[in-house]
Amino acid sequence: MVPFKYSVFSEYGPNALRVNGAKHNLKHYEETASIIDVIVRWWKVVNVKTPFKGLRLRDDLQKPVYPSPFDPKVSFLNDFLDWLEEWKERRVDACTLSDETHGALIQTTQVFIEISAYCFEELKMSFVLFGKFQTDLLEERFGCYRRLAGSQYHLSVR
């Protein structure tokens, strides 16, 4: 069974929401579908861990980032940053991200843009796989320690 969070942020979710939103007279379904579309596109760009993922899935957004100044993935990330800033400036009380999540998305996206430029200019790399820059293994290790400590939030390793 697929966890709910993955089914919401699936590439098929927005289309299903658009079809069923009209059929079931759901409020704000079009706006919600648009937001999910953007998040899914962002996730596709930043979750590339192998050079051939985009070829295998026939999806240009899931190809590695290349040093071209016109790489559509870097352009998308810059547009995504602008979109996040516009969203924050609206100052609406409903349908927003928490301040922490919003800040984390901005910071993460800025870092991906900067690290790709650094990898191309300083390290002379031919491509970058954003999915390799993650802390999953570190988080898994701390999760093991937390479980060993009886799921205590504050743990000490002795």
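Couple of notes before you dig in:
- Scoring Leu123 on the criteria (1) at pLDDT below 80; (2) not in a helix (DSSP H, G or I); (3) not aromatic (Phe, Trp, Tyr) leaves a single failure, condition (1).
- Exactly one residue among Phe133, Phe112 is within 16 Å of the chain's Cα centre (by Cα) and at pLDDT 95 or above, and that residue is Phe112.
- Selection status of Tyr29, surrounded by 14 or more Cβ atoms within 10 Å (Cβ to Cβ), of a type in the set (Phe, Trp, Tyr), at pLDDT below 90 and on the phi < 0 side of the Ramachandran plot: yes
- Residue in segment 22-31 that is charged (D, E, K, R) and under 24 Å from Leu123 (Cβ atoms) present: no
- Flag if Tyr118 is within 28 Å of Glu11 (Cα to Cα), aromatic (Phe, Trp, Tyr), over 13 Å from the mean Cα position of the chain (by Cα) and surrounded by 10 or more Cβ atoms within 10 Å (Cβ to Cβ): no
- One residue stands out in segment 60-106 among those that are at pLDDT 95 or above and assigned to a loop (DSSP other than H, G, I, E, B): the one that is nearest to Glu31 (Cα to Cα), namely Lys63.
- Positions within segment 136-152 being of a type in the set (Gly, Ala, Ser) and either at pLDDT 75 or above or surrounded by 10 or more Cβ atoms within 10 Å (Cβ to Cβ) (or both), in sequence order: Gly143, Ala149
- Subset of segment 36-65 (residues that are touching a residue at least 40 places away in the same chain (Cβ under 8 Å) and surrounded by fewer than 16 Cβ atoms within 10 Å (Cβ to Cβ)): Asn47, Lys49, Thr50, Pro51
The values are calculated or read from the model by the stated rules, or taken from the named source; none is laboratory data. Keep in mind it's a predicted model, so treat the numbers as computed, not measured. Positions of Cβ are backbone-derived with ideal geometry, glycine not excepted, and every protein chain shown enters the neighbour counts.
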